Structure formats: C-alpha cells, structure tokens
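Shown next, in structure tokens, is the structure this report addresses.
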C-alpha cells in the first residue's frame with residue numbers, strides 16, 4: 001500500500017491540495033506532542049511530516065532549532081521517536097507519515113538498521129536535509145530495499161541535471177523549496193520558478209509539495225494555481241507551540257484554528 | 001561530478017543541503033582554474049611575502065632542551081602577520097572570492113585567529129565581512145574580537161547550543177544557505193564539505209615547504225619528528241604535507257584532552273574514532289550513542305571543536321600520522337615553560353604540541369633526535385585564560 005499515492009488520488013477527486021504540517025517529535029513533551037498530532041489531523045492535516053530532534057539542525061532556522069531543544073529537554077531520544085510514530089500509526093493507519101532526519105542519526109544507527117526500523121514502524125518517507133544527491137546512493141539503496149519513499153529537496157537554484165535526478169529517484173512527493181536560506185517565517189516564501197515546475201512535471205508524476213516560510217493563505221492559493229500539489233507548514237505551527245506550550249488548552253485551540261485556516265486554503269472547489 | 005576527489009579514503013564528502021551544492025561546485029571550479037593561472041598564483045605569492053611576512057623562521061630552542069641530546073625547532077607561524085598560520089589560507093580564499101566576483105565574506109571563529117585573519121584580508125581587499133562567534137568564545141577571546149572590529153568586521157554573537165565554535169560553524173552555514181549568490185563562506189580549517197579540506201590544505205602547504213628547506217639548510221638532514229596541534233587540523237596538515245612521503249620522518253598530531261579523555265570533557269574525536277556526518281563531512285566526531293553531536297572541551301578555544309578534518313582520519317587509518325592527546329594542565333605547563341625559558345609566548349593551541357615534544361624529550365634524554373614543533377600562533381590572546389587558570393591552581397607567583 002502506498003499511502004502517498006492513495007492520498008493524492010483521493011485529494012484529486014475532492015479537488016483539494018495536500019496540507020502537511022511539520023512538527024518536531026516531543027515538542028514540548030511526548031504526551032503533548034501526541035495531542036498536537038490529534039489536533040493537526042482533526043483540523044485537516046492530510047499527511048504528517050515529523051522531525052526527529054537533532055543537536056545541530058543546519059537547514060533549520062531559530063524556531064525549529066528551539067523546538068529541537070524543547071524536545072531534548074523533555075527527555076526525547078531517537079528510540080522514543082520511533083515509539084511515538086508507532087502510536088500514531090496504530091491510531092491513524094492510513095495517513096502518510098514522513099520523517100525529517102539529519103544524516104548522522106541514520107549513520108549512527110546503521111543505514112540498513114534505520115530504514116528497517118522505519119519500515120517496521122510504518123513510516124512512509126524519509127527526508128535527509130543534509131544529504132544532497134551526490135551522497136544519496138547508499139541511503140537510496142536501503143530506502144528501496146525497505147520500500148520507504150525518498151523525499152528529495154528541489155531548491156530554487158536547481159539546474160537541469162539536479163531536476164532530472166530528483167525526478168528519477170524521488171518518490172512519495174518532491175519537496176520544492178520556496179526560497180533559499182533556512183526554515184522559518186521571517187523570510188517570506190516567493191512563488192516558485194515556473195520553468196522548474198514545468199521541467200519537474202515533464203520528467204515525473206511525483207506530486208510537488210512546497211515548503212519553507214509558508215504561513216499565508218493567499219500565497220497558498222496562488223501556489224496551487226501554478227500546479228503545486230500542496231504545502232508543508234512547519235515554523236508557523238511551531239511558533240504557536242513556542243508561544244503557548246505552558247498553557248495546553250490555549251496551545252491546542254490556537255494550533256487548531258491555524259491548521260483549519262491553512263487547510264481551508266488548499267480546498268480548490270467545494271464538493 | 002566534482003573535478004577533484006571529494007574523499008580522503010572513506011572520509012570527507014559533501015554533506016550539505018542541496019541548495020549549497022552549486023556554490024561548492026563554483027568554488028571548486030574557481031580553485032581548479034586558479035591553480036593554472038600564473039597571475040593568480042603570483043598574487044598569492046606576493047601577498048604571502050609582502051603582506052603576511054613569509055617565510056617565517058625556524059627557531060632552535062636553546063634552553064628547554066638543556067641536559068638532553070634533543071634539538072627542538074619551532075616553525076614560527078606566530079610571527080606571521082595576524083599572529084597565526086591562519087593568514088596563509090585566507091589570502092588564497094579571499095582571492096578566490098574576488099575571482100568568483102563575490103563581495104561578501106562569511107566566516108566563523110573559535111579562538112578568533114581565523115576571524116582576525118579574515119578581517120585583515122577583507123579590509124585589504126575591500127570585502128564586506130561578517131564573522132560568527134560563540135558568545136562563550138567572545139568572552140574568552142575579547143582581544144581578538146576588538147581586533148576584528150577595528151578592521152571593520154561585523155561580529156555576530158551566537159547564543160545557541162554550546163555557544164562555541166561548533167555553533168558558530170552551524171550559523172555560518174545557515175547564513176550561507178541564504179546568501180551564497182553574493183557571499184563566500186571562508187572556512188578556516190581543513191574541515192567542512194569538499195572542496196574546503198583540499199583548498200585549505202593547498203594554501204597551508206607553504207608551512208611544510210619552507211620547513212623542509214630550512215631544516216635541510218640548518219641541519220642537513222630530515223627531522224625525526226614533526227609535531228603539531230590538531231583542532232580542525234589546518235596547521236598540522238600544512239606542516240605534515242611536504243613530509244608525508246618521507247617515511248623516516250614521524251608525524252604526530254596532538255589533540256586536546258581537556259580535563260582528561262576519561263572525563264568526556266575533551267576535544268579529541270580521534271581518540272574514540274567514532275565516525276559520523278557533521279559540518280558537511282564524514283569524519284571522526286564526538287557524539288553520543290544516538291548520534292547527537294556532543295559538546296567538546298578545551299582550555300584553548302581554537303581546539304574546542306567536536307570533529308576534525310577528514311584527511312586526518314585517513315592519515316590515522318593508514319598509520320602515517322600518530323595522534324595523541326595533551327590535557328589542559330600539560331598545555332599550560334608547556335605554555336609557561338616556553339615563556340620563561342625561550343622568551344616566546346605560544347598560543348594555547350600550539351602549547352599542546354610543545355607539551356608533547358617536551359614529553360618525548362624527557363622520555364629519553366640521551367636520545368639524539370631532532371623535533372620540529374609547528375608553533376601555529378602566538379599567545380597574547382590567551383593571557384587572561386592562562387592567568388585565570390593559574391590563579392585557580394594557585395600557581396601564579
């Protein structure tokens with residue numbers, strides 16, 4: 001069963017795009033983080049992108065860096081992250097779950113062991129932000145063996161060669177970057193280069209999800225008009241956790257409202 | 001495809017976000033073409049001689065070896081303009097930045113020596129300069145912070161994580177991810193993603209080249225031992241490079257054992273040799289059981305880094321270089337000894353190498369041997385750190 005394929009087919013029928021929230025597992029703690037997942041799904045999350053906390057997240061801005069630290073402070077570790085995902089998988093058997101994980105976590109565990117555990121846990125995709133195509137071969141080998149989708153990031157400076165390789169190896173979805181730099185809402189997203197979109201679409205049917213700096217519903221609507229299949233929103237949600245993590249109810253309400261609003265902007269036409 | 005080999009054996013590579021790959025290719029291309037450009041190479045040569053002050057002397061220590069048959073020579077990178085070997089390679093990288101038409105320089109610094117060298121060359125070549133430095137290091141190395149500011153650099157304090165070199169490196173990479181089109185990231189050591197370890201090595205080779213000529217002029221033979229401290233490892237690679245093929249010369253890299261390898265408070269990743277992926281490369285890394293990067297420790301902020309350049313791991317695996325470690329205590333003792341007996345104030349980084357040379361010398365005082373220590377920098381920047389350390393130990397008289 002390919003949960004991404006099922007999801008995108010389903011969304012296409014409903015004339016909706018995919019809304020994927022991103023949070024760091026265990027922020028602000030294991031239990032609250034599980035409750036946040038419930039809130040995300042209840043309010044419209046179509047898929048989940050979950051970050052395994054890392055000490056040195058170089059592709060992330062300050063909001064997600066702090067989120068990693070909160071998670072560490074609450075005692076989270078890699079094994080607990082797998083347990084966390086297992087719980088979600090049991091509760092929500094059909095939702096696609098992707099993880100974002102820095103290379104050293106995988107390398108440390110052993111690449112084969114890591115992908116094997118992903119498969120056992122019911123993870124659908126792995127995105128490694130600090131492994132470019134040049135170094136991906138060994139990760140791709142085990143991803144394929146264990147039937148895990150490999151998510152590749154297509155940056156705005158991608159040339160023909162990069163686009164060809166991403167189209168060839170990327171499965172599940174392709175992560176299109178809204179801009180250069182690191183994650184965060186401080187620098188606003190810009191609409192992607194239409195040439196890049198058209199080249200990606202020519203080469204592959206894999207859906208395109210756009211991420212980095214996306215927090216505005218009008219932007220999302222404009223994005224969908226140019227053929228993007230959905231969005232990934234991280235920092236804008238994590239900012240709510242940062243602001244309200246000491247007041248659970250306020251935090252849940254605030255995240256719920258935000259997610260509902262963001263999801264609404266991905267609905268192209270009411271059925 | 002890269003133009004040059006991006007690995008040293010199994011170590012090295014380019015582990016960065018995809019967005020930075022074109023910038024790394026551009027840098028590699030500029031470096032490869034510049035190596036064939038006589039005018040470019042002449043410019044480097046000119047600046048090394050007339051701005052930096054090369055060649056640096058090879059000084060025979062006359063007092064610390066008394067009563068032994070050992071001769072210790074110091075390669076005096078402390079006398080280079082800027083006060084450390086760092087000046088050698090910033091000249092090359094800054095000229096590469098100009099070649100790539102980039103007008104902004106990003107750098108990170110721990111002890112401040114790479115920051116000072118970067119600020120100097122940016123001032124000379126009229127390049128805009130911003131330097132990331134951990135808050136903890138800013139406090140430890142205030143004098144160098146002042147130097148950088150005077151030369152027009154913008155210092156950006158890093159308050160995340162350990163507030164040391166490790167986090168400054170992360171912030172500099174983050175900055176570069178958003179500014180690569182107009183900025184060049186001037187990495188200060190033989191670490192980071194390809195092509196940095198190769199480029200920095202090329203520009204530091206001058207140390208070994210001069211040393212070989214000087215020791216042959218002064219002694220007529222090769223030394224028995226060459227010792228250099230290792231944080232990222234640029235001064236060590238610099239002096240080792242020209243002797244790697246001369247197998248009769250033993251090469252020793254000295255890592256900081258900090259408060260002791262057993263305490264975990266050290267900066268010696270090669271002592272445990274746990275390989276991982278961090279700061280754009282596959283190399284030896286201090287990490288916990290789950291792969292989270294651990295905090296390093298050294299009295300010397302220039303060595304306070306949880307990883308090491310990939311070529312050093314390769315050289316260790318091939319048994320060409322032996323890697324040892326020296327504690328904070330031992331380094332401070334060597335610092336004091338060199339000050340009192342030779343009238344030279346060494347950087348705390350270099351004091352680790354001196355400490356190991358003295359250890360070897362004292363092991364067998366009758367053995368006739370020639371040791372060369374790369375005195376990678378001067379110690380003015382470390383005076384307050386040393387004073388505080390000695391006060392705490394109640395040793396200061």
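The table below lists the values:
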item	result
Any chance residue B:175 is free of Cβ contacts under 8 Å to residues at least 24 places away in the same chain and either within 14 Å of another protein chain (Cβ to nearest Cβ) or part of a helix (DSSP H, G or I) (or both)	no
Among residues of the range A:147-162, those that are crowded, with 21+ Cβ neighbours inside 10 Å, in contact (Cβ under 8 Å) with a residue 40 or more places away in the chain and within 23 Å of residue B:178 (Cα to Cα), counted	2
Qualifying position, being farther than 21 Å from residue A:79 by Cα, surrounded by fewer than 16 Cβ atoms within 10 Å (Cβ to Cβ) and more than 8 Å from every other protein chain (Cβ to nearest Cβ), among A:113, A:144	A:144
Among (1) buried (at least 17 other Cβ atoms within 10 Å of the Cβ); (2) under 20 Å from the mean Cα position of the chain (by Cα); (3) within 14 Å of chain B (Cβ to nearest Cβ); (4) in a loop (DSSP other than H, G, I, E, B), the one test that residue A:123 misses	(3)
Condition broken by residue A:63, with the remaining ones in (1) within 14 Å of chain B (Cβ to nearest Cβ); (2) within 17 Å of the chain's Cα centre (by Cα); (3) surrounded by fewer than 24 Cβ atoms within 10 Å (Cβ to Cβ); (4) at positive phi satisfied	(4)
Only listed residue being in contact with a strand residue (DSSP E or B) (Cβ under 8 Å, 6 or more places away or on another chain) and modelled with pLDDT of 95 or more, chosen from B:103, B:66	B:103
Lone qualifier among A:176, A:209 - being within 14 Å of chain B (Cβ to nearest Cβ) and either within 20 Å of residue B:181 (Cα to Cα) or not in a loop (DSSP other than H, G, I, E, B) (or both)	A:176
Set B:217, B:262: member being closer than 26 Å to residue B:371 by Cα and surrounded by fewer than 21 Cβ atoms within 10 Å (Cβ to Cβ)	B:217
Any hit, the range B:118-141, residues being within 14 Å of chain A (Cβ to nearest Cβ) and more than 16 Å from the chain's Cα centre (by Cα)	yes
Search result, residues across the range B:230-272 that are in contact with a strand residue (DSSP E or B) (Cβ under 6 Å, 6 or more places away or on another chain) and within 14 Å of chain A (Cβ to nearest Cβ)	B:269
Residue satisfying condition, being out of contact with any strand residue (DSSP E or B) (no Cβ under 8 Å at 6 or more places or on another chain), closer than 22 Å to residue B:60 by Cβ and assigned to a helix (DSSP H, G or I), within set B:388, B:392, B:362	B:362
Count - residues of the range A:126-140 that are in a loop (DSSP other than H, G, I, E, B) and within 7 Å of another protein chain (Cβ to nearest Cβ)	4
Tally of residues being assigned to a helix (DSSP H, G or I) and more than 19 Å from the chain's Cα centre (by Cα) across the range A:243-269	10
Odd one out for residue B:195, checked against (1) within 13 Å of chain A (Cβ to nearest Cβ); (2) in contact with a helix residue (DSSP H, G or I) (Cβ under 7 Å, 6 or more places away or on another chain); (3) surrounded by 24 or more Cβ atoms within 10 Å (Cβ to Cβ); (4) closer than 20 Å to residue B:300 by Cβ	(4)
Unique residue being touching a residue at least 24 places away in the same chain (Cβ under 8 Å), closer than 26 Å to residue B:357 by Cα, under 18 Å from the mean Cα position of the chain (by Cα) and more than 14 Å from chain A (Cβ to nearest Cβ) when the list is B:226, B:221, B:215	B:226
Filter pass, residue A:113 being over 17 Å from the mean Cα position of the chain (by Cα), part of a loop (DSSP other than H, G, I, E, B) and at pLDDT 95 or above	no
Residue identified as at pLDDT below 95 and touching a strand residue (DSSP E or B) at 6+ places or on another chain (Cβ under 7 Å) among B:83, B:110, B:115, B:134	B:134
Cross-chain or 6+ apart pairs with Cβ under 8 Å, the range B:280-292 first and at the interface with chain A (Cβ under 9 Å from one of its Cβ atoms), then surrounded by fewer than 23 Cβ atoms within 10 Å (Cβ to Cβ) and in a loop (DSSP other than H, G, I, E, B)	B:282/B:10; B:285/B:274; B:287/B:274; B:287/B:294; B:288/B:294; B:290/A:77
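Matching residues to (1) out of contact with any helix residue (DSSP H, G or I) (no Cβ under 6 Å at 6 or more places or on another chain); (2) at pLDDT below 95; (3) closer than 28 Å to residue A:104 by Cα:
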position: A:19; (1), (2), (3): no, no, no
position: A:22; (1), (2), (3): yes, no, yes
position: A:33; (1), (2), (3): yes, no, yes
position: A:37; (1), (2), (3): no, no, yes
position: A:44; (1), (2), (3): no, no, no
position: A:50; (1), (2), (3): yes, no, yes
position: A:53; (1), (2), (3): no, no, yes
position: A:61; (1), (2), (3): yes, yes, yes
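The rows are residues; the columns are (1) within 14 Å of chain A (Cβ to nearest Cβ); (2) touching a residue at least 24 places away in the same chain (Cβ under 8 Å); (3) outside any helix (DSSP H, G or I); (4) out of contact with any strand residue (DSSP E or B) (no Cβ under 7 Å at 6 or more places or on another chain).
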{"residue": "B:12", "(1), (2), (3), (4)": "yes, yes, yes, no"}
{"residue": "B:27", "(1), (2), (3), (4)": "no, yes, no, yes"}
{"residue": "B:41", "(1), (2), (3), (4)": "no, no, no, yes"}
{"residue": "B:47", "(1), (2), (3), (4)": "no, yes, no, yes"}
{"residue": "B:50", "(1), (2), (3), (4)": "no, no, no, yes"}
{"residue": "B:54", "(1), (2), (3), (4)": "no, yes, yes, yes"}
{"residue": "B:62", "(1), (2), (3), (4)": "no, yes, yes, yes"}
{"residue": "B:71", "(1), (2), (3), (4)": "no, yes, yes, no"}
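The values are calculated or read from the model by the stated rules, or taken from the named source; none is laboratory data. Note that the structure is a prediction, hence the values are computed from the model and not measured. Cβ coordinates were reconstructed from backbone atoms using ideal geometry, including for glycine residues, and neighbour counts include every protein chain displayed.
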